[in-house]
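Below you'll find the structure, written out as structure tokens, and then a few comments.
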Amino acid sequence: MKQLPPDTVRLLSSSQVITSVVNVVKELLENSLDAGATSIDVKLENYGLERIEVRDNGHGIKAADTPVMAVRHFTSKICTHDDLEHLETYGFRGEALGSVCAVAEVTVITKTEEDDVSTQYTLNFTGGIVSKKPSHLGQGTTVNVLKLFKNLPVRRQYYSSTKKCKEELKKVQDLLLAYAIIKPELRLTLVHNKVVLWQKAKVPDHRSALVATLGPGVVVNLLPCHHRQEQPEIFLEGFFPKPGADYSSTSSSHPDKTFIYVNNRPVHHKDIMKLLRQHYTAQYPDDGSRSRYPVLMLSLTVSPSSVDVNLTPDKTQVLLHDKEAVLIALEAFLVSLYGFRPTDDPPALRPLSSETSCVPSEAAWPEEEASLAPTDLFGDADAAVRADAPPDSQTSNGSSSSSLAEDWIVNQMPAGSESNASLHDQNDLLSAETNVINKLPEMLEDNASTDERRGQFSAEDWSRGTALTDPVSGRPLQPVSIHQPPQTNVSAPDQALSSPDKKTLNAITEKRATLTAYDLISSRAMRAPLSPAALFEKEARADVLREKPAAGLQDISAAVHERWKNLREEDRKKYEEKAQKHQAQHEQRTKLASAEGPAETTLGTRGQKRKAPPSNQKLLDELFSAQPQKKSGTPAPKPSLPLPCNIPSLRLRLQRLSSQSSAVPRGLRLVNQLASRSAWVILCGQRLMLLNPFRVEEALLFKRLLENNILPAVSLQTPIQLTDGSLGGAEYTKALCSMEKQSPELSGEVFFCDPRLVANGFKVRLIPALPSAERHLEVTAMADCVPFLGVEDLREILTAVLHGKARSVKECRPLKVTNYLKGEAVRLVRQLPASPSRADVEETLRRMERQLGEKNRTCIHGRPFLQHMGDVPSSEEEAREMLRPLEL
């Protein structure tokens with residue numbers, strides 16, 4: 001046996017920790033959250049295989065810790081294994097960044113509050129620092145992961161299909177969705193190939209986070225609830241589907257919208273998921289709901305010492321030490337929300353020391369009744385067990401009154417009624433049960449007053465129908481069923497109408513006339529004659545629909561049938577006469593079609609509903625006839641006209657023309673437009689090129705927007721004060737103060753009018769120093785059309801002015817503004833006509849040569865304007881050489 005090299009060991013262990021793109025994003029995202037970040041941007045390129053960037057505004061990494069920040073098993077979260085019992089962070093192993101370095105190229109840019117500038121570190125495959133240089137980014141940490149799985153070809157080959165890549169991108173979005181819900185104060189953004197796929201702003205609470213992620217249409221059917229248990233200490237809270245809500249709007253066919261958290265950590269727990277699905281689907285009798293997952297958010301908070309997070313590398317599965325207690329508390333909570341499950345096993349009982357609350361929606365209680373909660377109107381929500389009650393009566397809340405009622409009913413029944421029930425007449429049984437029901441309210445009134453004094457059931461149990469329970473099975477007490485004797489003298493029509501097993505027939509039961517055999521062979525569809533009831537239905541159906549627009553088919557048929565029954569005899573005779581006329585016309589058409597044969601279509605096609613295929617009657621006659629028919633003679637030749645053409649003379653004339661214009665034309669010349677109407681063939685010297693005019697318009701518009709566009713600034717409610725620290729140093733403040741300003745106002749305030757600031761959507765004010773205050777700068781207005789525009793973009797402008805010596809607006813555009821203007825250029829080009837005219841394309845070519853020159857011949861996406869198709873031959877020998885492969 002041989003010991004594996006350290007590099008091999010590192011690669012093997014790292015490939016187990018980092019198994020996919022979503023693993024990388026999860027580890028970097030949790031590092032940002034542990035650093036106290038409130039804003040995280042996740043950017044992917046090529047589904048994360050080429051580049052993954054996670055940028056946050058957290059505390060940053062101290063300069064003393066940077067040499068070991070990516071070395072395996074170096075962490076600032078814990079010191080010993082005992083610290084796991086008090087773990088409050090997402091990460092603790094110190095393997096994430098080191099494992100990423102082993103399978104990709106990693107750079108880290110970080111800056112703390114004490115640092116003057118940020119620093120970019122380039123790491124090697126062991127996590128060591130190769131090089132470092134200053135950077136322009138603000139406080140926080142930015143991790144760039146390039147060429148993921150570069151040394152694992154099989155792992156990278158797994159993402160060769162577009163379907164796998166899209167599934168991985170969906171998993172990344174679901175991951176961000178889970179953290180966005182449990183962290184309402186967190187701002188998240190997901191960008192793929194410079195396109196914002198999903199984003200969530202900072203919100204105050206979990207409900208607002210659910211609205212921002214799932215939408216208000218889903219959250220309106222969710223109920224905020226919480227449940228607390230003292231021993232062991234367990235706290236459940238979240239948003240659950242309202243009892244009885246439509247399962248199509250509160251459930252999903254996939255578990256991606258069932259969010260389960262243990263100590264604010266998104267986890268997958270099979271037992272908890274199974275319990276949630278059982279109690280949710282138990283309220284729906286439909287079998288289609290059994291395979292669905294409820295849309296909910298469950299946050300479980302327990303002691304950190306009772307949770308083992310170090311179970312899997314991705315930390316999505318946890319081990320609960322008090323698993324049974326957690327499941328019992330959760331089931332008691334679900335029973336209080338959805339009622340008992342219809343199973344043979346008795347449900348878990350709610351502990352006596354627990355507190356459960358389900359908060360209704362804001363519109364559930366009027367403002368004048370807001371102070372009266374349901375528990376205040378009906379009593380305490382937690383039932384207390386009677387001290388003097390027997391043990392059997394303490395099995396569940398409210399069981400004493402139900403058991404007394406049931407015992408009283410049993411005692412009132414005659415002896416031997418269970419065994420001889422079948423021998424008694426059902427009418428006697430009906431009278432006995434009626435006497436029991438008449439006496440039941442008196443018994444319930446006495447017991448209800450006793451239970452109200454003793455507090456045996458809660459308001460929630462009473463409102464859900466679970467206050468009175470069976471002491472044997474533990475199920476809620478069901479209402480008494482009244483058995484009615486069957487009716488003996490029921491007529492056959494009434495029995496047919498009242499039978500639920502029989503399908504309701506259409507009110508118009510008259511049989512239509514069918515097509516004859518000849519009509520089918522000759523491909524003629526005769527319209528069937530209408531019966532009197534059908535004619536009446538045709539007119540009455542429209543009247544019923546006008547009177548009852550929301551009526552169903554059965555209601556319409558019943559209404560038409562009722563009108564037909566109540567129709568007067570004179571009106572009924574009119575419809576019978578019309579039906580007789582239709583029958584006579586149909587018989588006449590059938591006789592004419594039979595006499596004239598398949599070729600006659602004057603009368604037969606009047607009632608034709610659809611175009612039938614041509615008849616094959618002639619072919620059948622030819623096949624079955626005794627004497628075969630002779631074929632007709634040869635068809636007449638098509639007319640033709642000879643045209644004189646002399647190939648040698650044509651070649652000679654072409655040679656003369658080519659000798660006269662021997663000079664090769666310069667510049668770009670349009671030849672013609674392709675049939676697709678999206679490209680033009682142009683001639684550049686002797687080269688034939690394919691031109692896409694829309695790409696040229698994109699580049700021209702983008703150049704014009706970069707140079708001249710001014711972003712409109714919107715006034716801020718609270719101006720943003722600018723300091724040396726926020727701008728990046730005193731030299732940046734000095735560069736800002738040296739820009740062009742307006743004339744000072746009466747108060748001494750001065751606004752900057754420099755085009756480099758105004759065009760990028762910034763309005764900056766300089767307040768001079770006063771005896772009572774120092775001089776300071778502040779931003780009073782910013783453009784709101786660019787998402788997340790802020791002080792860091794102003795710092796980019798000052799960096800270009802200070803280090804790049806930028807003098808024009810085009811050179812001072814921040815990256816966010818540049819991307820916004822690219823999108824505006826694409827949007828404007830899409831509004832152009834789909835088929836430009838020849839004059840428009842020629843004008844586009846002239847502007848391209850004048851404004852873009854010969855070097856810049858690509859659009860804003862890096863695609864060329866011109867595509868080379870081939871060269872025009874300059875001599876006859878070159879033409880023959882080009883045509884020789886075609887002859888072969």
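The values are calculated or read from the model by the stated rules, or taken from the named source; none is laboratory data. Please read all numbers here as calculations on a predicted model, not as lab measurements. When we count neighbours, we look across all protein chains shown, and the Cβ atoms used for this are built from the backbone with ideal geometry, even at glycine. Calculation scope for accessible area: heavy atoms of the full protein, side chains included, ligands and nucleic acids excluded. Shrake-Rupley method; radii C 1.70, N 1.55, O 1.52, S 1.80 Å.
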Filtered residues of region 59-77 (kept if more than 17 Å from Glu30 (Cβ to Cβ) and polar (S, T, N, Q)): Thr66
Residue in region 778-801 that is exposed (fewer than 13 other Cβ atoms within 10 Å of the Cβ), touching a Lys or Arg at 6+ places or on another chain (Cβ under 6 Å) and among the small types (Gly, Ala, Ser) present: no
Region 28-74, residues that are part of a helix (DSSP H, G or I) and open to solvent by less than 20 Å² (accessible area, probe 1.4 Å): Leu28, Leu29, Glu30, Ser32, Thr66
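Out of Ser291, Ser336, report the one residue that is farther than 19 Å from Tyr179 by Cα and outside any helix (DSSP H, G or I). Spell out the reasoning first.
Working: Ser336 fails: outside any helix (DSSP H, G or I).
Exactly one residue qualifies, and that residue is Ser291.
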Helices (runs of 4 or more DSSP H) wholly inside region 687-751 containing at least 1 residues that are open to solvent by less than 80 Å² (accessible area, probe 1.4 Å) and outside the structural domain of Leu798 (by the TED database): 693-708
Tally of residues being farther than 26 Å from Leu29 by Cβ, open to solvent by 50 Å² or more (accessible area, probe 1.4 Å) and in a helix (DSSP H, G or I) across region 245-276: 4
Test set (1) surrounded by 14 or more Cβ atoms within 10 Å (Cβ to Cβ); (2) modelled with pLDDT of 90 or more; (3) closer than 21 Å to Ser726 by Cβ - Leu815 fails condition number: (1)
Positions within region 842-876 being assigned to a strand (DSSP E or B) and surrounded by fewer than 11 Cβ atoms within 10 Å (Cβ to Cβ), in sequence order: Gly870
Segments classed as helices (runs of 4 or more DSSP H), wholly inside region 140-231, with at least 2 members that are among the aliphatic types (A, V, I, L, M): 162-182, 206-214, 216-219
Of all residues in region 143-184 being touching a residue at least 40 places away in the same chain (Cβ under 8 Å) and more than 17 Å from Val42 (Cα to Cα), the one that is most open to solvent (accessible area, probe 1.4 Å): Lys150
Among residues of region 110-134, those that are in contact with a Lys or Arg (Cβ under 8 Å, 6 or more places away or on another chain) and in a strand (DSSP E or B), counted: 5
